[in-house]
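Read through the structure below, which is laid out as C-alpha cells, and then see the notes.
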Amino acid sequence: MTFSFEDLGLLLLIAALVAMLTRKLHVPYSVGLVATGIVLAMSPLQLDLKLTKELIFTTLLPPLIFEAAFFLHWQELKRDFWIITTLASLGVVLSAAITAVGMHYLADWQWIGALVFGVLISATDPVSVIATFKESGVKGRLRILVEAESLFNDGVAAVLFGVVIAIAAGQAVTPTFVGLALLQTVGGGILCGGLVGTALLLLAGRTTDHLVEITFTTIAAYGSFMLAEHFHVSGVLATLTAGLIMGNIGTVRAISARGREAVESFWEYIAFVATSLIFLLIGVREAQQHFSELWLVAFIAIALVMIGRAVAIYPTCALFAGSRLRVSARHQHILVWGGLRGALGLALALGLPDNIPQHDAIITVAFAVVAFSIFAQGMSMSPILRRMGEIPLNRE
C-alpha cells in the first residue's frame with residue numbers, strides 16, 4: 001500500500017460522498033471519482049497518493065477480477081465463448097497493430113515505442129468496462145459480451161507485451177517463441193486459477209461458517225493471482241478461473257446458503273472499495289500529467305485507439321454473421337464505443353523499463369487516452385444505451 005490508513009479512511013469517506021452525489025446528479029460514478037481525484041491533487045491537502053503498477057496489480061485488480069467472475073454465469077458465458085475468445089485474441093492483435101502503425105507514421109515514434117504503446121492500450125480494461133456497464137444496469141447478452149471480453153483479453157495483451165519487451169531487449173523472436181509464450185501465459189494462468197479455486201472449494205465444503213467461507217474466497221482471489229504472477233503467467237486469467245469455479249460450482253455444491261449470501265455481499269463491497277480507490281488515484285495522477293506538451297500526439301493516439309477498436313470489432317463479428325453467434329449491428333456499435341481503457345493499460349505503462357523509446361511520452365499519452373475513455377466514453381454510455389433500448393428510459 002502506498003498510502004497510510006489515515007489517507008485510506010479519508011479516501012473511503014470521499015468515495016462514499018461521491019457515490020451519493022453522482023447518483024443524485026445521474027453522473028457515472030467512475031467519472032465523479034476521477035474528477036474528484038483531480039481536485040484532490042490540486043487541493044492544499046497533503047495526501048501522499050501514488051498510483052503504481054504494484055498497487056494496481058497486487059492490491060486492487062485481483063478482487064475486481066474475482067468479483068466479476070464470481071457473478072458471471074458459466075452457462076451464459078459458454079453460449080458465446082467462441083466469439084468472446086475471438087474478440088479477446090484476434091481483436092486485440094488488430095487493435096494493437098492499427099495503433100502501433102499509426103503512432104509510428106503519424107506521431108513519428110520509433111517502432112519499439114509505437115509497438116509497446118499499441119499493445120498496452122489495445123486491451124479493454126475490466127475495471128472501467130465492468131464499472132460502467134454495472135452502473136448502467138445493462139443485462140443479458142450484451143453485458144456478457146463486453147464484460148467477458150474485457151476479462152479474457154488480458155492474456156493475449158500480456159503475451160504481445162512480453163514479445164515487444166523481448167524485442168526491445170534484443171532477444172530473437174520467432175513464431176515458436178510467440179506460440180510457447182501464449183501457451184504458457186494463458187494455459188499457465190488458467191491452470192493456477194483452477195488449482196487454487198478447486199483446492200479452496202474443497203476446503204469450503206467442509207464448513208458452514210460463513211466467515212470462513214468468505215476467507216476462502218479471499219484467499220482464492222489473491223492466492224490465484226499471486227501464484228500465477230510468481231510463475232510469470234497471467235494473474236488476471238488465474239483469478240478469473242478461480243472466480244468462475246467458486247461462483248458457479250461453489251455456490252451450488254460447497255458454500256452454504258447463509259455463506260452464499262454473505263460472500264456475495266462481501267465481494268460487492270470489496271469491488272466498490274477497489275473501484276473507488278483506482279478511479280480516485282487515476283484522477284490524482286491525471287492532474288500530474290503535462291498534456292500540453294503532447295496534445296497533438298495525444299489526439300492522434302485517441303483517434304487511432306478508436307479506429308483500432310472499430311477494426312477489432314466489425315471484421316471479427318463479421319466472421320460469425322452467418323451463425324447463431326451473430327452479433328447485431330447495434331451491439332457491435334456499443335462494443336466499439338464501450339471498449340474503455342483504464343487501470344490495466346496504465347499499470348503496464350507505469351511498469352515500463354526505462355530503456356523503452358518514448359518512455360515518458362507513452363505514460364503521458366496513455367493517461368490522455370484513459371482520460372478520454374473515462375470522461376467522453378464513460379459519460380455518454382448510459383445515454384447511448386438508453387437510446388438504443390438496452391436500458392429502460394425511466395431507470396433511476
Given the candidates LEU61, LEU281, ALA321, the one whose Cα lies deepest towards the positive end of the charge dipole of the chain, counting +1 at each Lys or Arg C-beta and -1 at each Asp or Glu C-beta, is ALA321
Identify which of GLY187, GLY197, GLY339 has the largest mean-square fluctuation in a Gaussian network model of the chain, with springs joining Cα atoms closer than 10 Å. GLY187
Could you identify which residue out of ALA166, ALA361, ALA181 has the top mean-square fluctuation in a GNM of the chain using Cα springs shorter than 10 Å? ALA166
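Order 225-236, 8-19 from most to least packed using the mean count of other Cβ atoms within 10 Å.
Working: 225-236: 21.4, 8-19: 15.6.
In descending order of packing, they fall as 225-236, 8-19.
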Positive end of the charge dipole of segment 18-85 (Lys, Arg +1 and Asp, Glu -1 on Cβ, about the Cα centre): tell me which of LEU45, LEU21, GLN75 has its Cα farthest that way. LEU21
Everything considered on the Cα gyration tensor (a ≥ b ≥ c; rounded for a/c under 1.5, else prolate if a/b is larger than b/c, else oblate), segment 203-340 must be described as oblate
Please report the spacing between the Cα centers of segment 352-394 and segment 284-305 in Å, no decimals. 12
Calculate the dipole size of the chain relative to its Cα centre from +1 charges on Lys and Arg beta carbons and -1 charges on Asp and Glu beta carbons; express the result in debye to the nearest 20. 1300
Net charge dipole size for segment 82-217 [Lys, Arg +1 and Asp, Glu -1 on Cβ; Debye, nearest 20]: 240
Pull up the cross-link candidates among the lysines for LYS24, meaning alpha carbon to alpha carbon under 27 Å and not fewer than 8 places away within one chain. LYS134, LYS139
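Let me check I've understood the local charge: for PRO353, count other residues with C-beta under 13 angstrom from its C-beta, Lys and Arg +1, Asp and Glu -1. What total comes out? If you can, show how the numbers build up before the last one.
On the way: positive: LYS53; negative: ASP354, ASP360.
Within the 13 Å Cβ shell, the charges total -1.
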Summing -39500 (n - 2.57) over every DSSP H run of at least 4 in the chain, dividing by its residue total and rounding to the nearest 500, the 222 nm mean residue ellipticity is -23000 deg cm²/dmol
Is the shape of segment 73-175 rounded, prolate or oblate, going by the alpha carbon gyration tensor and its root eigenvalues a ≥ b ≥ c, with a/c under 1.5 for rounded and a/b larger than b/c for prolate? prolate
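Where does the charge balance sit around THR217 when Lys and Arg score +1, Asp and Glu -1, over other residues with C-beta under 11 Å from its C-beta?
After counting each charged neighbour, the total is -2.
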Most mobile of PHE57, PHE367, PHE66 in a GNM of the chain (Cα contacts under 10 Å): PHE57
With a 1.4 Å probe and all protein chains kept in place, how much accessible area does HIS26 have, in Å² rounded to the nearest 10? 130
Under 5 Å, built H, 5+ apart or other chain: amide partners of ASP125: LEU340, ARG341, GLY342
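Taking a ≥ b ≥ c as the square roots of the eigenvalues of the Cα gyration tensor of the chain, is the shape rounded (a/c under 1.5), prolate (a/b larger than b/c) or oblate? Don't skip to the end; give the middle numbers.
Details: a/c = 1.29, a/b = 1.16, b/c = 1.12.
It is rounded, given that a/c, with a ≥ b ≥ c, falls under 1.5.
Provide the per residue accessible area, probe 1.4 Å, for the chain, rounded to a whole number of square angstrom. Each step should come with its number before you reach the end.
Values: 17270 Å² over 396 residues.
Each residue of the chain exposes 44 Å² on average to a 1.4 Å probe.
The values are calculated or read from the model by the stated rules, or taken from the named source; none is laboratory data. On a predicted model such as this, the values are computed, not experimentally measured, just so you know. Cβ atoms come from the backbone with ideal geometry, glycine included; neighbour counts cover every protein chain shown. Side chains included, ligands, DNA and RNA excluded: accessible areas come from the protein's heavy atoms. Shrake-Rupley method; radii C 1.70, N 1.55, O 1.52, S 1.80 Å.
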